[in-house]
Structures are given as structure tokens and as C-alpha cells.
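> Before I ask anything, let me first share the structure, which is written out below as C-alpha cells.
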Amino acid sequence: MSEPQVCAVARDNVHRFSKQTAPEIEVMAGLGVLGDAHEGITVRHRSRVAVYPTQPNLRQVHLIQSELFEELRAKGFNVGPADLGENVTTMGIDLLALPRHALLRIGCDVELEVTGLRNPCAQIERFQPGLLAAVLDRGPNNEVIRKAGIMTIVKAGGMIRPGDPIDVVLPSLPHLPLERV
């Protein structure tokens, strides 16, 4: 695997499924991606706002590994950066293998804390029929494996650009597995 790095960045100030790629994004500690519809201290995901609008926003920055796109292309889907609504597309890092509370240091300043897995929803199916099943899998004990990326909160802000290196800092043991957030 190559050195972990950022492939693409994206944001959208409107709640849409896909985001718009950008040359750079700015993230702010405790808020998320500036100018993105999910920016905020409290949850911004519409279905979650309807249920519990004051819950903390554990979904400030969404990351997907570009290796997923290659897997999906092999299954006949046409998916690229920002199509699945992620803010940061990575390469060279198995995001799904990270434990909760792992820190991702991106570039010189940014620090993101992993909070959990993105739970793929019906919007993925509307984007491309069959895609929802393609981003879900089953593990050896028949557990659901969600492959639609991870969610993070911003611990230290700054700019994120394609080509920025990513360093992973693991939390103290025991490591907590990722769960959907």
C-alpha cells in the first residue's frame, strides 16, 4: 500500500447526496468543514435532527478510501471522489480497520478523531441502483460490514488539500471497534 494521503476534498452547503470537489477545504475544531451542510457542534444530518436535534455532531467530516471506488468499478459501478457525499477521499489507508478515537493527522495542522462508521442509506440506492448492496458485506460471523466510509470530528483545524499526507495515531489499548454513528 502506498503512503497514506488525501486524494480529493469536497463540500456542499446544501443537503445533497453527492458533494462538490474543491481544491481545498477548511476544517474548524468542533465544527467540521466550513461551508458544508454538516458543519456544526450539534448534529446536522436531517434524519437525526428530526429525532434528537441537540445531540453532538459526531459526523463532522466524512472520509472514504479511494480503494472502495476501485472495488465498486470492478462490480460495474461508476463512482468517484465526492459522489458518495464524503468530504475527504483517501488512499493508502484502511479507514475501516481503524479503532474508535484513532487520530488522523492530515498535512501540517489538521487532526480528526474517528467516531465511527457511516451507515449507508437508501440515498445510495437512488444514486445508482444496486450500490447499497455493494457497499454492504457480511463478515465471518454474518455481521454486517459497512464500507461507505468513516465519520470524524475535528480536534484541530486547518486546510486539507489533495496530496496532503495522513498519519495515524492509535489510541491506548484496548481498541474499540468502529460502530455506526
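> Counting only protein heavy atoms and using a 1.4 Å probe, what share of the accessible area of region 42-181 belongs to carbon plus sulfur, as a whole percent?
53
> Could I ask something else about it? Charges only on Cβ, +1 for Lys and Arg, -1 for Asp and Glu: so what's the dipole of region 73-181 about the Cα centre, in debye to the nearest 20?
It works out to roughly 280 debye.
> Ok, one more. For region 1-120, just run the numbers: alpha carbon Rg, then divide by 2.2 N^0.38 Å, N being how many residues it has.
1.04
> Restricting to DSSP loop positions (anything but H, G, I, E, B) with no more than 13 other Cβ atoms inside 10 Å of their own Cβ, which GluC sites (Glu not before Pro) remain in region 125-181?
In loop regions of region 125-181 (DSSP not H, G, I, E or B), the sparsely surrounded GluC sites (Glu not before Pro) are GLU143, GLU179.
> Right, something else. Using all C-alpha to C-alpha distances in region 62-168, build P(r) with 10 Å bins and read off the rounded percent in each one.
Spelled out bin by bin, region 62-168 gives 14, 47, 30, 9, 0 percent.
> While we're looking at this one, here's another question. Spin-label point model (7 Å from Cα, Cβ direction): what's the GLU3 to GLN55 distance in nm?
Distance between label points: 3.9 nm.
> Taking all protein chains together and a probe of 1.4 Å, list ARG73, ARG11, ARG126 from the most accessible to the least accessible.
Final ranking, largest accessible area leading: ARG126, ARG73, ARG11.
> Cut-off 10 angstrom, C-alpha nodes, Gaussian network model of the chain. Which of ASN142, ASN87, ASN119 fluctuates the most?
For the chain, modelled as a Gaussian network with Cα springs under 10 Å, the answer is ASN142.
> Which value in deg cm²/dmol, rounded to the nearest 500, describes the helix-derived mean residue ellipticity at 222 nm for the chain, given -39,500 (n - 2.57) per DSSP H run of n ≥ 4 and division by the residue count?
-3000 deg cm²/dmol
> On to the next question. Report the Cα centroid-to-centroid distance between region 152-181 and region 43-122 in angstrom, as an integer.
11
> Per-residue accessible area for VAL27 at 1.4 Å probe radius, Å² rounded to 10?
Accessible area, nearest 10 Å²: 0 Å².
> State in Å² the accessible area per residue of region 22-181; use a 1.4 Å probe, count heavy atoms of protein chains only, and round to the nearest integer.
48
The values are calculated or read from the model by the stated rules, or taken from the named source; none is laboratory data. For clarity, every value in this text was computed on a predicted model and none was experimentally measured. For neighbour counting, all protein chains shown are included, and Cβ atoms are generated from backbone atoms with ideal geometry for every residue, glycine included. Keep in mind that these areas ignore ligands, DNA and RNA; they rest on the heavy atoms of the full protein, side chains included. Shrake-Rupley method; radii C 1.70, N 1.55, O 1.52, S 1.80 Å.
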